[in-house]
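A quick write-up on the structure given underneath.
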Amino acid sequence: MSGSSGGRPRGLRGIARTWGEVLVRPRRAFANGITPGDQAPALTFAVAVAAAFTLGWIASDPAAMPAVVPSSPLLSQAVVFLVVVALAAPVGLHLTAAAATVAVVVASVEIADGHFALRDRGGVSETVQAVAYASSPMALAGPAIPELRVACGAYAAVLLFVGFREVHGLGPLRTAVAAVPPAALGYGVGYRAVAAARTLLGA
């Protein structure tokens, strides 16, 4: 893999290849593409997904963008895009990863010989990478189509379950406990899949 001693390949071609592999062959993607300490390509990937989502949203529903520069809608959209890429995406990834880390620890608790203990699991770096790569479907969720956003959010949650199962080695129930909170926060709230579901339900 070019430009990398481990984890995912770098560059635009590497991002595209990773995106396709995660969507089509997630188990293999998570097994082969996540390396302890290799968070840089994961952050780049998460920013690329957020950028694609934002471009799709701007193109399909420009009126939903805040009027940062009232005299120029185009400039307002450019500012929103830059803020998402430079600030919102990295911060969102780390907030979601923080929630995921706590959820993984909670899911790893067990009682052994009358004492609380933690099962063996992957580290924080692997958690961050799984959260980033599982967001792959959200690159397609930008257009203001509630059904599309709900479907993409649901698939991202499934991918996070697969990723956590692969990198942390927990059972199905424990993996669900670990995956649901970050999926709800990152893909549901961050990428507006929950708002789309409420629109569909008429809430």
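Across the accessible surface of the chain, with the other protein chains kept in place and a 1.4 Å probe, carbon and sulfur atoms take up 68 percent.
Net length available on complete extension from Leu200 to Ala86 is 37.9 nm, with 0.36 nm assigned per residue and the Cα-Cα distance removed. Relative to the longest principal axis of the chain, what angle (0 to 90°, nearest 10) does the C-alpha long axis of helix 89-108 take? That works out to roughly 20 degrees.
Give the accessible surface of region 76-143 per residue, rounded to a whole number of Å², with probe radius 1.4 Å and ligands, DNA and RNA excluded. Write out the running numbers ahead of the final one.
Working: 3030 Å² over 68 residues.
Here the residues of region 76-143 average 45 Å² of exposed surface.
The values are calculated or read from the model by the stated rules, or taken from the named source; none is laboratory data. Keep in mind it's a predicted model, so treat the numbers as computed, not measured. Note: accessible area is taken over every heavy atom of the protein model, side chains too, but ligands, DNA and RNA are not part of it. Shrake-Rupley method; radii C 1.70, N 1.55, O 1.52, S 1.80 Å.
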